[in-house]
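Contents: one structure, followed by commentary.
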Amino acid sequence: MSTSSSSSSITIQASNEQRRRLHHEADVVIVGAGVFGCAAAFALAKQGRSVILLERSLKEPDRIVGELLQPGGVSALEKLGLSDCLQGIDSVKVVGYEVIYYGNPVSIPYPANAGAAAKGGFKNSMNEKSTRPEGRSFHHGRFISQLRKACASQPNITVIETEATDTITSQHSAQVLGVETKTLNPATGEKENDYYFGHLTLIADGYASKFRKQYIGKSPIVKSKFYALELIDCPMPAPNHGIVILGDGSPVLLYQIGTHETRALIDIPENTPTAAAAWEAFALISEMLYSLHYPSKCSLASKPHSRTGKSHEVCQTAGCRPVRK
Ligand SMILES: Cc1cc2nc3c(=O)[nH]c(=O)nc-3n(C[C@H](O)[C@H](O)[C@H](O)COP(=O)(O)OP(=O)(O)OC[C@H]3O[C@@H](n4cnc5c(N)ncnc54)[C@H](O)[C@@H]3O)c2cc1C
């Protein structure tokens, strides 16, 4: 790029930044700086588009979602130029799954093409070329904070902390022109109305979207809920794997989210009373951990399952599973 063209592109960037900050106007307005909103903002900004990214809270999220990025996601991140977001967050390499079915482990490594791009993608990321593609697991909040930081340092993106409350539509057509938001005024402590306009408005506000029902009549049917634990220095039957434990009880998924932290997710059917579900989750995990620590001490006996009534194997060794009072 010549000196004059690079200085003119810097001038355009500066004037776009001013249009975003002062006039709240951009090529694209994105609501929600989660994984989708950040990735979309970064990709569009790299194409040279001016982007406003609106997020209701820029604090590090504390949520138990999106903690294991599969190899295809790692490749996509690399292609977007965002793979640095996996650095410095104590993320853990994942090379496949270990399914433990009634105590019998079966190792399922990611297949060689697991890192391949979606149809039509470019075959140029390291993870795609590798014969051992890798996924990554991490604390969701740390990863999202890295994505937001990357967006904030992209000259074509302005990140603003504000909550979208409504869409603004044209009076003449159904076209969405932008969004109305509420922004906290730190001086008064009051939330004030703001308006943001884009040629395109992308709503990326997640599974609990307040906007989706304006366009999609159907509500999702909830069949089960995850109960989650964070285990510290948990011995893993197969390090660097997602561990799926299947038996008569609820399915359990384990994966490391840091060097010392392991996430346990227990899939409990909807309508199970909370206390019973929590008990089952706790009992399943403690049973499994005990048998990992002291496999020789486990003495299994067949018992009816507390919820399903079906017969299942339970360790009888004292301390192996909590005694139900
Ligand atoms: C229990 C569980 C486990 C999961 N595990 C995995 C996994 O291991 N791997 C995986 O790939 N996926 C996993 N998922 C799915 C993954 O979490 C979602 O696909 C992903 O989070 C969706 O990203 P998103 O950006 O669309 O939405 P979100 O991550 O929900 O982000 C939405 C963002 O929008 C913001 N927002 C919402 N409303 C507004 C508003 N009105 N104004 C401004 N901002 C707003 C929110 O604060 C948030 O930052 C899991 C999901 C669940 C529920």
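Structure data summary
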quantity	calculated
Tally of residues being away from the ligand (no atom under 14 Å from the Cβ), over 25 Å from Ala41 (Cβ atoms) and among the hydroxyl-bearing types (Ser, Thr, Tyr) across segment 76-102	2
Single residue of segment 88-119 satisfying the filter (touching a residue at least 24 places away in the same chain (Cβ under 8 Å) and among the polar types (S, T, N, Q)) that is least open to solvent (accessible area, probe 1.4 Å)	Ser91
Total residues in segment 212-229, condition surrounded by 14 or more Cβ atoms within 10 Å (Cβ to Cβ) and either of a type in the set (D, E, K, R) or within 30 Å of Asp27 (Cα to Cα) (or both)	2
Some residue of segment 31-46 being surrounded by fewer than 12 Cβ atoms within 10 Å (Cβ to Cβ) and without any contact (Cβ under 8 Å) to a residue 40 or more places away in the chain	no
Qualifying strands (runs of 3 or more DSSP E) (wholly inside segment 20-124; at least 2 residues being touching a His at 6+ places or on another chain (Cβ under 7 Å) and outside the structural domain of Leu200 (by TED's automatic domain parsing))	96-101
Residues of segment 134-176 that turn out to be within 21 Å of Leu22 (Cβ to Cβ) and part of a helix (DSSP H, G or I), as a count	2
Sole exception among (1) of a type in the set (A, V, I, L, M, F, W, C); (2) within 15 Å of the chain's Cα centre (by Cα); (3) under 30 Å from Lys210 (Cα atoms) for Ile89, by number	(3)
Selection status of Ala117, closer than 18 Å to Ala40 by Cβ and at pLDDT below 65	yes
Residue match in segment 239-254 (condition: at pLDDT 90 or above, assigned to a loop (DSSP other than H, G, I, E, B), under 17 Å from Val99 (Cβ atoms) and of a type outside the set (Ser, Thr, Tyr))	yes
Residues located in segment 53-75, provided they are within 18 Å of Phe42 (Cβ to Cβ) and within 11 Å of the ligand (Cβ to nearest atom)	Leu53, Leu54, Glu55, Leu58, Pro61, Gly66, Leu69, Gly72, Gly73, Val74
Flag for Glu280 being modelled with pLDDT of 75 or more and of a type in the set (D, E, K, R)	no
Qualifying residue in segment 174-186 (condition: touching a Ser or Thr at 6+ places or on another chain (Cβ under 8 Å), open to solvent by 80 Å² or more (accessible area, probe 1.4 Å), of a type in the set (Asp, Glu) and modelled with pLDDT of 90 or more)	no
Selected residue (criterion: nearest to Val35 (Cα to Cα)) from residues of segment 190-211 that are open to solvent by 50 Å² or more (accessible area, probe 1.4 Å) and more than 13 Å from the ligand (Cβ to nearest atom)	Leu200
Residue match in segment 8-18 (condition: of a type outside the set (Lys, Arg), surrounded by 20 or more Cβ atoms within 10 Å (Cβ to Cβ) and either within 12 Å of the ligand (Cβ to nearest atom) or assigned to a loop (DSSP other than H, G, I, E, B) (or both))	no
Residue selected from segment 132-146 under the condition in contact with a strand residue (DSSP E or B) (Cβ under 9 Å, 6 or more places away or on another chain) and over 16 Å from Glu78 (Cβ atoms), by the criterion farthest from the ligand (Cβ to nearest atom)	His139
Restricting segment 154-168 to residues that are farther than 20 Å from Thr183 by Cα and out of contact with any Ser or Thr (no Cβ under 6 Å at 6 or more places or on another chain), the residue that is nearest to the ligand (Cβ to nearest atom)	Gln154
Residue within segment 269-280 that is closer than 30 Å to Thr167 by Cβ and part of a loop (DSSP other than H, G, I, E, B) present	no
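The values are calculated or read from the model by the stated rules, or taken from the named source; none is laboratory data. Owing to the predicted nature of the structure, the values given are computational and were not obtained by experimental measurement. All Cβ positions, even for glycine, are placed from backbone atoms using ideal geometry, and neighbour counts span all protein chains on display. All accessible areas refer to the heavy atoms of the entire protein, side chains included, with ligands and DNA or RNA removed. Shrake-Rupley method; radii C 1.70, N 1.55, O 1.52, S 1.80 Å.
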